[in-house]
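So the structure is just underneath, and the comments pick up after that.
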Amino acid sequence: MTIFLRPELLMQRYGITSPEQIDLEALAWLLKARVRYRPLDGCEAQIMGIRDRAIITIDDRGGAERARFSLGHEIGHWQCHKNQNLHCSKEVIGSTRNTVSGKERQADSYSAGLLMPKYMFEPMVKSYDRPSFHSISELATVFLTSRTATALRFVDTDPLYSILICYGPKGRIWYRKSRNWPSSLVPAKEVGADSDVLGLLFERCSEARDSRREPASIYFNGSDVQDEEVFAHAVRTGASDDPAGRSVMVLVVPAKTRLIEIAERRSSW
């Protein structure tokens, strides 16, 4: 069987042209992989492959969006890591941790490419004047994906400049930047007091106002960015009522390209 390592090519091969046509169970069947749903202990999804056939099992207790992403993850393994028996835990599917193996990251990327193909996703993104979690949520509804997975897909495919930062009560947990975001412009480990992030972490509110203009120094250290501004929109993730278990994602884009120019000059120091 021919292996298509790019998920978009696989979707186009089967004539998928709109989000409502994305049926991963049917796609798995075409790839000779049988899908079944049942409770799993010790993992969230698994695949067992022998020669050109496989059985994919998905834990049915995590919700529809999570199950779809997990199925895409296992299809990614079937395409990229043929004839391997793999057990994927909740901690590795859709993980933002740097410690996750390259194999699992590749499967995650493949899943995102199946569920939100670039040739569908990018034109929709361009229809919005400025990215925010309102537009991210609308895209998530169209593609039947979670808000977090959609936000990560946006940043991963953004040809310009954006960064997604996740904070917890003890500071920055992780971040994901667009491919052209300067590596020298790293988000601060502690967010500034004037942001919506702290209110979402420690007060009983679940949503922030729309994307707003804020000083770049709220999110980035350095005297050279003190006069620069960004557009930022923060939302709470998860459903914990306990502040100790909460986290907040903030989507940040530069208000002007001068911030990027300053960061690029840092690299030449």
Subtracting the Cα-Cα distance of HIS81 and ASP194 from 0.36 nm times their residue separation yields 36.0 nm
Options [x] 18.7; [y] 19.7; [z] 20.6 for Kirkwood radius over Cα pairs in Å; the value derived from the coordinates is listed as [y]
Here the relative contact order (percent) of the chain, from C-alpha pairs under 8 Å and at least 6 apart, is 14 percent
Restricting to Cα pairs under 8 Å and 6 or more apart, the percent relative contact order of the range 39-176 works out to 20 percent
Answer in debye to the nearest 20: the dipole magnitude of the chain about its Cα centre, from +1 Lys/Arg and -1 Asp/Glu charges placed on Cβ, is 800 debye
The simple spin-label model distance between ILE50 and SER127, using points 7 Å out along Cα→Cβ, in nm, is 4.7 nm
Once ILE16, ILE262 are ranked on solvent-accessible area with the largest value leading and a 1.4 Å probe, the list reads ILE16, ILE262
Candidate cut points under GluC sites (Glu not before Pro) in the range 173-225, DSSP loop plus at most 16 other Cβ atoms within 10 Å of their own Cβ, are GLU190, GLU203
The distance between the Cα centres of the range 142-174 and the range 55-97, in whole Å, is 20 Å
Rounded to the nearest 5, the percent of DSSP beta bridges in the chain running antiparallel is 85 percent
Taking the chain, the lysine pairs whose C-alpha atoms sit under 22 Å apart (8 or more places apart or on different chains) add up to 14
Calc'd 3J(HN,Hα), the range 72-83, phi into Karplus 6.51 cos²θ - 1.76 cosθ + 1.60 (θ = phi - 60°), Hz, glycine/Pro = x, comes to x, 4, 6, 4, x, 4, 5, 7, 9, 10, 4, 6
Taking 0.36 nm per residue of separation between GLU25 and ASP224 and subtracting their Cα-Cα distance, the length gained on full extension comes to 66.5 nm
Expressed per residue, the solvent accessible area of the range 113-269 in Å² (1.4 Å probe) is about 48 Å²
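The values are calculated or read from the model by the stated rules, or taken from the named source; none is laboratory data. Since the structure is predicted, the reported quantities are computational estimates derived from the model, not experimental observations. Cβ: placed from backbone, ideal geometry, glycine included. Neighbour counts: every protein chain shown. The area values use the complete protein model at the heavy-atom level, side chains included, leaving out ligands, DNA and RNA. Shrake-Rupley method; radii C 1.70, N 1.55, O 1.52, S 1.80 Å.
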